[in-house]
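Below is one structure, written out as C-alpha cells; the observations come after it.
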Amino acid sequence: MFEVISVRPDFQLGLDQAKNSWVAGNIFSPQVIASVVAACAAIIAAVIAARTARRQRQSAKDERKTDFYRRQLNDLYGQLYMLRQASKSLYATLHVAGERPEGWRLVDHIGEIVAEGDKSKIGTVEQIIKINKSIEDLLVAHFGLADTFPPPKSFQDFVSHSRQLQVAWKKKGNLEIPRISFPVEIDDDIENSIKAILARISELDAA
C-alpha cells in the first residue's frame, strides 16, 4: 500500500502563483514580444506583397488589352475606314447628278465605262480597284485583329466582290457569271467596331 501524500493548501497556492508568474514573465518578455511583432510584420508584408502583385498582374493584363485594341485600330479598322472614305469619294465622281440611276453598281457596268473612253473615269475606276485591293489585303492579312469571329459577312462579301471587280476590269467587260454586289453594310460594320474598341479603351483608362 502506498501512502497518499496530501499537499497543503498554502503550498499549492504558492506553486500556482509561481507558475502564473513564470508564464506571465515569459509571455511578456522582450524576446516574445519581438517575435510576435516580427510575425505580424511578416504577415502584413506578405498581404501587401500579394495585393501589389495582384494589382501588377491586372495592370499588365489591362495594358496588353489596350495594346491589342490600339493595334486593332491602327493596323486594321482605322486603315479600313480611311480607305473606304477615299473609295466613296472617288466612286461619287462616277455619279454626276442624273447620269446614273440609283442602285447603279460598278461591277455591272465595266463595259460601259470602257466604251465611254473617258480617261478621267477610267483612272478613277483603276484607283477604286487599287483601294479595294488594299482593303482586301488588310482583311486577309490582319484577320486576327477582327473584332468578332467569324468576321462580319460584309467583310467576306467585300473580298469576293473585289476579286470579281478585278477580273471584270482585266477583261474590260462585264462578267457573264452572277455578280456579287458591293456589300454596303461594310461601312457600318467598320464604324461600329471602331466605336466599340474606343469604348473599351476608354473604360480601361478610367479604371
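Distance distribution P(r), region 95-207, all Cα-Cα pairs, bin width 10 angstrom from 0: 12, 37, 29, 15, 6, 2, 0 percent. For the cross-link pairs Lys65/Lys153; Lys130/Lys153; Lys88/Lys171; Lys171/Lys195; Lys88/Lys153; Lys88/Lys119, the ones whose C-alpha atoms lie over 31 Å apart are Lys171/Lys195. Could you work out the local net charge near Ala206, counting Lys and Arg as +1, Asp and Glu as -1, over the other residues with Cβ closer than 14 Å to its Cβ? Result for the neighbourhood of Ala206: -1. With both labels modelled 7 Å from their Cα along Cα-to-Cβ, the Asp62 to Lys172 distance reads 6.1 nm. Hey, rough spin-label estimate for Glu112 and Glu126, points 7 angstrom out along Cα→Cβ, what's it come to in nanometres? Placing both labels 7 Å along Cα→Cβ, they lie 2.2 nm apart. Relative contact order for region 76-147: 58 percent, from Cα pairs under 8 Å spaced at least 6 residues apart, divided by residue count. In the complete set of protein chains, residue-level accessible area for Lys130 is approximately 130 Å², probe 1.4 angstrom. Label-to-label distance for Val47 and Gln85 is 5.4 nm, based on points extended 7 Å past Cα in the beta-carbon direction. From the alpha carbon centroid of region 108-177 to that of region 60-87 is 23 Å.
The values are calculated or read from the model by the stated rules, or taken from the named source; none is laboratory data. Small disclaimer: the values here were computed from a predicted structure and weren't measured. Every residue, glycine among them, receives a Cβ derived from its backbone with ideal geometry; neighbour counts consider all protein chains shown. Note: accessible area is taken over every heavy atom of the protein model, side chains too, but ligands, DNA and RNA are not part of it. Shrake-Rupley method; radii C 1.70, N 1.55, O 1.52, S 1.80 Å.
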